[in-house]
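See structure below.
Nothing in this text is a laboratory measurement; each read-out follows from the coordinates by a stated rule. Please read these numbers as outputs of a predicted model, since none were measured by experiment. All Cβ positions, even for glycine, are placed from backbone atoms using ideal geometry, and neighbour counts span all protein chains on display.
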Amino acid sequence: MTVEGGVQYSKIAEIKGPLVVVDDVDNAAFDELVEIETTEGERRLGKVLEVGNGKAIVQVFEGTTGLSISGTSAKFVGKVMEMPVSKEVLGRVFDGLGRPKDGLPDPIADKFVDINGEPMNPEQREYPKDFIQTGVSVIDGLMTLVRGQKLPIFSGSGMSHNLLAAQIARQASVVGKQDDFAVVFAAIGVQYSEAEYFRRSLEESGALKRSVLFLNTADDPAIERIITPRVALTVAEYLAFDLGMHVLVVITDMTNYAEALREISAAREEVPGRKGYPGYLYTDLSTLYERAGKLNGRKGSVTQVPILSMPSDDITHPIPDLTGYITEGQIVVGRDLFRQGVYPPINILSSLSRLMKDGIGEGSTRDDHSEVSNQVYDAYSRSQEVRALAGIVGKAGLTEIDLKYLELGDTFENEFLTQATDENRTIEETLALMWKIVSKLPKNEITKIKDKHVEKYYQEK
Amino acid sequence: MASNSALESTIDKILKDTEQGILANIKSGLDDSQQNLDAAIPRLESEYDKIISDGKKEADKIEKQITGSSDIEARNKQLMALEEAVDKVFSTALDQIANADRSGDYSNLIKTLIGEATQILGTSEILISTNTKDRDVVQSVLSQFTGAELSSETFDCLGGIMVKSKDGTMTFDNTLDARIERLKPLIRKEIAAKFGVGI
């Protein structure tokens with residue numbers, strides 16, 4: 001931050017969608033922050049997207065509605081967009097641009113950080129291997145989240161991903177350690193009722209004091225959505241790497257972010273890629289997702305759970321497709337389970353946490369975790385096949401062992417998968433439930449668990 | 001007599017059989033009850049444990065809710081009180097700046113501000129406007145800047161200058177107000193530190 005301000009230019013050449021083209025501009029820098037001032041004195045923020053030939057293209061975060069060529073001026077501030085950060089941001093609610101939304105003053109900043117973040121030195125990265133308990137059995141038991149991981153939730157429109165996001169934000173904790181834990185929650189383009197639900201849910205559960213909320217609602221300008229995940233991650237990085245906290249960043253909904261990116265790209269008349277999204281969508285997404293991680297010699301970590309709704313439940317859509325290339329696994333919310341009224345409706349057969357193996361076992365969760373999880377996956381998969389078979393031949397045509405798998409599938413969905421939105425299960429409770437499922441099978445069907453674990457945990461009838 | 005003894009022995013046998021039957025029933029009933037009781041004990045124990053653990057969880061949850069919301073409430077009140085104090089310091093400082101003596105070093109400040117503005121705008125062909133208080137000071141140093149003119153219009157500000165290129169396309173706000181505004185977050189931090197916050 002400097003005492004010198006920027007030059008204000010009053011020659012606006014064009015206003016096109018969310019973009020303002022300013023003429024006769026010298027010395028503007030790429031990504032520089034711009035203050036657009038209207039004739040009425042209203043100020044809007046923007047950033048430089050392109051400079052050259054005496055012109056600067058400015059992307060206005062708050063939209064260009066109501067701006068006219070005459071009377072509008074653009075002030076180039078001489079710095080990139082920064083977020084004031086301090087420990088005081090915990091327990092606060094901000095809008096999508098990082099301005100207080102809770103009626104309280106701006107936080108007293110410890111420092112001002114460029115919202116684009118510093119790229120992590122790959123050499124400095126530490127492999128994520130510490131367990132985060134979300135209190136949601138299906139995640140903790142079968143697709144365990146580890147500190148520093150990026151594990152997206154792929155959902156569809158209208159499904160209960162936001163309930164799940166709020167539950168994870170409320171319940172997530174680091175088990176057995178006294179380390180500080182914080183949640184940064186970024187809502188991008190959500191409905192007002194959802195934003196209010198997130199705020200109230202964290203407030204009423206007492207989790208707000210360790211959380212920071214960034215709320216960009218559906219009626220906020222779409223362009224603001226480009227900034228929301230960046231300010232959220234900037235705060236997360238500060239809490240993690242400056243204050244040594246373990247930070248879980250929940251971002252919902254990344255699809256709205258990608259839509260905003262497409263809007264700008266279309267306004268800039270760029271050559272469109274798949275489904276009209278810009279060709280650099282992959283690169284752009286990676287600038288966000290790659291901000292998760294742990295650094296050697298630093299105490300904290302940034303873990304990301306981005307949530308995206310797949311248009312038409314299409315997992316091959318560019319957004320989930322490109323997200324899947326960057327992240328370390330995915331949690332898939334299933335439409336069929338949702339229709340059955342199961343919460344959380346997670347389809348375990350399409351879901352996977354690639355880093356789970358390093359975050360579970362003796363010293364983290366329990367020595368039998370990996371094996372019992374494999375057995376549950378295997379048995380549930382078989383139960384699905386049996387269900388399909390029963391749909392054709394009827395239950396009467398099934399063998400005794402098939403019937404046991406059928407029963408196992410029901411127990412899995414009704415007792416393990418199904419969980420109340422305020423039910424916070426410990427990892428021990430989750431493992432006990434997994435053993436209850438496995439114990440539906442006769443011992444000779446248990447092929448993925450060592451005998452010593454079977455002897456110890458198998459629940460005889 | 002013989003028939004009487006046969007009758008008695010039959011009655012005895014029936015009585016004995018009935019007695020044995022009843023005793024066996026009692027024993028089996030007792031065994032069943034014992035078995036049920038034995039079976040119920042671990043179930044009851046596990047239910048008891050579950051009730052206790054659920055109760056503990058619920059208590060923890062309520063405790064978190066209460067402490068969480070009261071912590072937030074207390075922190076928010078502290079923030080509001082701090083902000084009020086910072087604002088008071090700020091407004092006192094601004095009053096002092098507004099009423100500061102314009103003689104002495106003040107003309108050097110104006111010279112610096114004009115020099116900075118011409119450098120940033122990249123032209124010396126500029127039109128300067130200021131407030132009524134600073135007009136004379138600006139006028140006195142204007143001869144040192146070729147191409148610079150003083151606007152006849154004045155505007156309300158604490159001090160300093162607003163510089164416009166003569167073609168009207170560029171403006172540079174170098175008033176004290178703008179400079180303070182730019183540094184406000186840092187100044188707030190300094191003031192808060194005086195109150196012992198954020199050190």
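When every Cα-Cα distance of the stretch A:83-359 is counted in 10 angstrom steps from zero, the calculated P(r) takes the values 7, 32, 39, 20, 3, 0 percent. Prolate is the label for the stretch A:194-338, because a/c, from the alpha-carbon gyration tensor with a ≥ b ≥ c as root eigenvalues, is 1.5 or above and a/b exceeds b/c. Specify which residue in the list B:LEU82, B:ILE191, B:LEU158 is farthest towards the positive end of the charge dipole of chain B, using unit charges on the beta carbon of Lys, Arg (+1) and Asp, Glu (-1), about the Cα centre. Ranked along the dipole, the leading option is B:LEU158. Rg then Dmax, both in Å and based on the Cα atoms of the stretch A:357-461: 14.6, 47. Peptide B:57-65 is shielded by partner chain Cβ atoms: per residue, an average of 3 of them sit within 10 Å of its Cβ. Sites listed here are chymotrypsin sites (Phe, Trp or Tyr not before Pro) in the stretch B:110-199 whose DSSP assignment is loop and whose Cβ has at most 14 other Cβ atoms within 10 Å: B:PHE155, B:PHE195.
Taken about its Cα centre, the stretch A:344-461 carries a charge dipole of about 260 debye when Lys and Arg each add +1 at the Cβ and Asp and Glu each add -1 at the Cβ. Considering only Cα-Cα distances, which of the following residue pairs are longer than 22 Å: B:LYS88/B:LYS133; A:LYS129/A:LYS299; A:LYS87/A:LYS111; A:LYS87/B:LYS184; B:LYS88/B:LYS184; A:LYS395/A:LYS450? From B:LYS88/B:LYS133; A:LYS129/A:LYS299; A:LYS87/A:LYS111; A:LYS87/B:LYS184; B:LYS88/B:LYS184; A:LYS395/A:LYS450, over 22 Å: B:LYS88/B:LYS133; A:LYS395/A:LYS450.
Per the Debye formula on identical point scatterers at the alpha carbon atoms of the stretch A:261-413, with no solvent, log10 I(q)/I(0) at q = 0.09, 0.10, 0.11, 0.16 Å⁻¹ is -0.47, -0.56, -0.66, -1.06. This model, with +1 at the C-beta of Lys and Arg and -1 at the C-beta of Asp and Glu, gives the protein assembly as shown a dipole about its Cα centre of some 660 debye. In percent, rounded to a whole number, the relative contact order of the stretch A:369-457 is 43, using alpha-carbon pairs under 8 Å and six or more apart.
Would you work out the relative contact order for chain A, in percent, from Cα pairs under 8 angstrom that are 6 or more residues apart?
With pairs under 8 Å counted, the relative contact order is 16 percent.
Counting, for every residue in B:168-175, the Cβ atoms of other protein chains within 10 Å of its Cβ and taking the mean gives 5.
Which semi-axis lengths, in whole Å and largest first, follow from the square roots of five times the eigenvalues of the Cα gyration tensor of the protein assembly as shown?
For the protein assembly as shown, the ellipsoid semi-axes come out as 70, 28, 19 Å.
Comparing Cα centroids, the stretch A:351-400 and the stretch A:293-324 end up 25 angstrom apart.
Which of the three applies to the stretch A:287-369, rounded, prolate or oblate, going by the alpha-carbon gyration tensor with a ≥ b ≥ c and a/c under 1.5 meaning rounded? Verdict is oblate for the stretch A:287-369. Checking every one of the GluC sites (Glu not before Pro) in the stretch A:5-48 against DSSP loop status and a limit of 12 other Cβ atoms within 10 Å picks out A:GLU40, A:GLU42. Cβ crowding within 10 Å ranks A:ASP114, A:ASP253 as A:ASP114, A:ASP253, fewest other Cβ atoms first.
Dipole magnitude for the stretch A:1-89: computed about the Cα centre from +1 point charges on Lys and Arg Cβ and -1 point charges on Asp and Glu Cβ, it is near 120 debye. Taking a ≥ b ≥ c as the square roots of the eigenvalues of the alpha-carbon gyration tensor, the stretch A:88-192 is classed oblate because a/c is 1.5 or more while a/b is no larger than b/c. Two numbers describe the Cα atoms of the stretch B:74-199: Rg and Dmax, which are 17.6, 59 Å. Across q = 0.16, 0.18, 0.20, 0.26 Å⁻¹, the stretch A:8-79 modelled as identical point scatterers on its alpha-carbon atoms has Debye log10 I(q)/I(0) values of -0.42, -0.54, -0.68, -1.22, in the order of the q list. Report summary: the helix-based calculation at 222 nm, which adds -39500 (n - 2.57) for every DSSP H run with n ≥ 4 and divides by the residues of chain A, gives -9000 deg cm²/dmol. Taken as Cα centroids, the stretch B:20-70 and the stretch B:126-196 sit 79 Å apart, rounded to the nearest whole angstrom.
Across the cross-link table entries A:LYS47/A:LYS275; A:LYS150/B:LYS61; A:LYS79/A:LYS209; A:LYS75/A:LYS101; A:LYS461/B:LYS57; A:LYS150/A:LYS452, which are compared at the Cα atoms, the separations over 30 Å belong to A:LYS79/A:LYS209; A:LYS150/A:LYS452.
Let me check against my output: what whole-number percent is the relative contact order of chain B, with C-alpha pairs under 8 Å and at least 6 apart?
Numbers: 141 pairs, mean separation 29.8, N = 199.
Worked out over chain B, it gives 15 percent.
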